[in-house]
Amino acid sequence: MKLLFVHQNFPGQYKHLAPALAAQGHEVRALGMTERVDLPGVQYQRYGTRRASTKGLHPWVVDFEAKVIRGEACAQAARRLRESGFVPDLICVHPGWGEALLLREVWPQARQLHYVEFFYGTQGRDVGFDPEFPLADAFEAGCRLSIKNTNNLLNLGLMDWGISPTQWQRATLPAAQQGRISVIHDGIDTAALCPDEAAVLAVTDDQGRPLRLTRADRVVTFVNRNLEPSRGYHAFMRSLPTLLARDPQVRVLLIGGDGVSYGAAPPAGSWKQIYLDEVAGRIDRERVHFLGKVPYATYLAALRVSSAHVYLTYPFVLSWSLIEAMSLGATLIASDTPPVREAIEHGRNGWLVDFFDPEALAARVLSCLADPAGQLPLRTAARADAIRRYDLRSVCLPAQVALVQAIARGERPDGAML
């Protein structure tokens, strides 16, 4: 087969799938905006946009225009591929940034398998979830998100089939479309992401203080791509005065940048500093260590020495870090929010807490620190679940490959014809 992968930040979710299909002998090409990509058997071509957004547009339309600009750039790159003689049997594409909008104009007959990650809304999702950030005008917010979904709605009509990583993420889609989307997680390498009781974390924190921590230390970890409210940074920081006061030996490690990945930017400065300043007079700063953005090996070492790992999120896309922490056998304290509930079962493989109750979060972390032996069954169950449900090699990748092959043949996963 001839396969084309399209992702603005290629390889993104296709890091393992694209080379796995190339290894089977398929011709695999890829388009993206990443500067350089080296994946075995994958021929990658970069494209770039030729214009910026138009000044003075209606604010609700700016986002869609940006997607059209990227869609145009991707379609021009696709035309060059077509002119070289490449005609894909299947296009696997993440449509979130607009790249899929015009691909049918280039290859009308090529089937399309879309990575359907999220559908915007003001009910039961991230927008309007946190009362600390109330919507200035709920009606206007709903209108803005309806327009923002224009790209999603167009792509639901363009795709032959879709794939979502969790049941809840699929459930954000219009009900009429959910039957055309398979739920298969991206997968993680549970063989590599295994517990290590001898792990050592050697790192320097934001204050220039060298740290050397092991499983013998009392370590609480918190990880975000960026430290921001949508991933519960403010709730975590507000739990620290109680946590640090009641456990004089605990050390807190925070991994993540100072920017914004998902939510709104702060009025000034960074969310990191805003919420650090809020609790600064009530915490022992000597035991709170911001590590910033770290190499992957450092991140893994931190989770391996962790005594309690906290994962909080608005109802939004589930982070790979939660599943990785499960695989590493961490003691998990997570927010009782979707889609976390799909992965964590309270009292069996981790603990769920109210996102908005920092005192309950601190109490749960303290109880885990006080009874490490009692957490062993939960840690063991978490790793077993990661292997059973999310293992890349034995579960997720075979399911992804099978889905690609079926859609390329014009078949639904149940064997019926598309």
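Taken together, the values in this text are just the output of simple stated rules run on the coordinates, not laboratory data. Source: prediction; values computed, not measured. Cβ coordinates were reconstructed from backbone atoms using ideal geometry, including for glycine residues, and neighbour counts include every protein chain displayed.
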Tilt, helix 138-148 to longest principal axis of the chain (alpha-carbon atoms), in degrees rounded to tens, equals 50
Treating the beta-carbon of each Lys and Arg as +1 and of each Asp and Glu as -1, no other charges, what is the dipole magnitude of the chain about its Cα centre, to the nearest 20 debye? 860
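Sort Trp60, Trp161 by Cβ crowding within 10 Å, fewest neighbours at the top. Intermediate results must be reported in sequence, preceding the final value.
Values: Trp60 15, Trp161 21.
Lowest to highest Cβ neighbour count: Trp60, Trp161.
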Mind giving me the nanometre distance, one decimal, between the label points for Arg50 and Phe356, set 7 Å out from Cα along Cα→Cβ? 5.0
Order of Thr214, Thr54, Thr337 under a 10 Å beta carbon neighbour criterion, fewest first: Thr54, Thr214, Thr337
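Could you order peptides 98-106, 390-398, 283-291 by the average number of other Cβ atoms within 10 Å of their residues, highest first? Provide the component values of the computation, followed by the final result.
Details: 98-106: 21.3, 390-398: 18.8, 283-291: 17.0.
For the peptides 98-106, 390-398, 283-291, the packing ranking is 98-106, 390-398, 283-291.
As a test of the formula, what do you get for the chain when each DSSP H run with n ≥ 4 contributes -39,500 (n - 2.57) and the sum is divided by the residue count, at 222 nm and rounded to the nearest 500 deg cm²/dmol?
Estimated from H runs of four or more residues: -10000 deg cm²/dmol.
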Scoring the chain by relative contact order with C-alpha pairs under 8 Å, at least six apart, yields a percentage of 14
Neighbour-count ranking for Ile181, Ile333 (other C-beta within 10 angstrom, fewest to most) reads Ile181, Ile333
So for the stretch 27-90, taking the charge dipole from beta-carbon charges (+1 Lys/Arg, -1 Asp/Glu), which of Val28, Val68, Tyr44 sits furthest toward the positive end? Val68
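Rounded, prolate or oblate for the stretch 200-390? Axes are the square roots of the Cα gyration tensor eigenvalues, ordered a ≥ b ≥ c, and the cut-off for rounded is a/c under 1.5. Please list the in-between numbers first.
Values: a/c = 1.38, a/b = 1.19, b/c = 1.17.
Note, shape of the stretch 200-390 comes out rounded.
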quick note, the chain, DSSP beta bridge pairs, % antiparallel (nearest 5) is 10
Students often get this wrong, so try it: which of (1) 67, 50, 40; (2) 68, 44, 33; (3) 65, 51, 45 is Cα extents along the principal axes in Å as calculated from the structure shown? (1)
Say we join alpha carbon atoms closer than 10 Å with springs in a Gaussian network model of the chain; which of Ser53, Ser182, Ser319 then has the biggest fluctuation? Ser53
Most fluctuating residue given options Arg209, Arg383, Arg304, as computed from a GNM of the chain linking Cα atoms under 10 Å: Arg209
Among the listed pairs Lys2/Lys55; Lys2/Lys67; Lys15/Lys55; Lys2/Lys293, which are separated by more than 31 Å between their Cα atoms? Lys2/Lys55; Lys15/Lys55; Lys2/Lys293
Restricting to the stretch 200-390, compute how many DSSP beta bridges are antiparallel as a %, nearest 5. 20
Highest mean first, what order results for 126-139, 399-412 on Cβ atoms within 10 Å? 399-412, 126-139
Measuring from centroid to centroid over Cα atoms, what is the spacing of the stretch 218-279 and the stretch 97-151 in Å? 28
Relative contact order for the stretch 200-390: what percent, with Cα pairs under 8 Å and sequence separation of 6 or more? 24
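Suppose every K and R has +1 on its Cβ and every D and E has -1 on its Cβ; what is the size of the dipole of the stretch 1-125 about the Cα centre, in Debye to the nearest 20?
180
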Among Gly329, Tyr311, Ala280, whose Cα lies farthest out toward the positive end of the dipole of the stretch 224-330, if unit charges sit on the beta carbon of Lys, Arg (+1) and Asp, Glu (-1)? Gly329
Below 8 Å between Cα atoms, with a sequence gap of 6+, how large is the relative contact order for the stretch 1-149 in percent? 22
So what's the angle, to the nearest 10 degrees on a 0 to 90 scale, between helix 296-305 and the longest Cα principal axis of the chain? 40
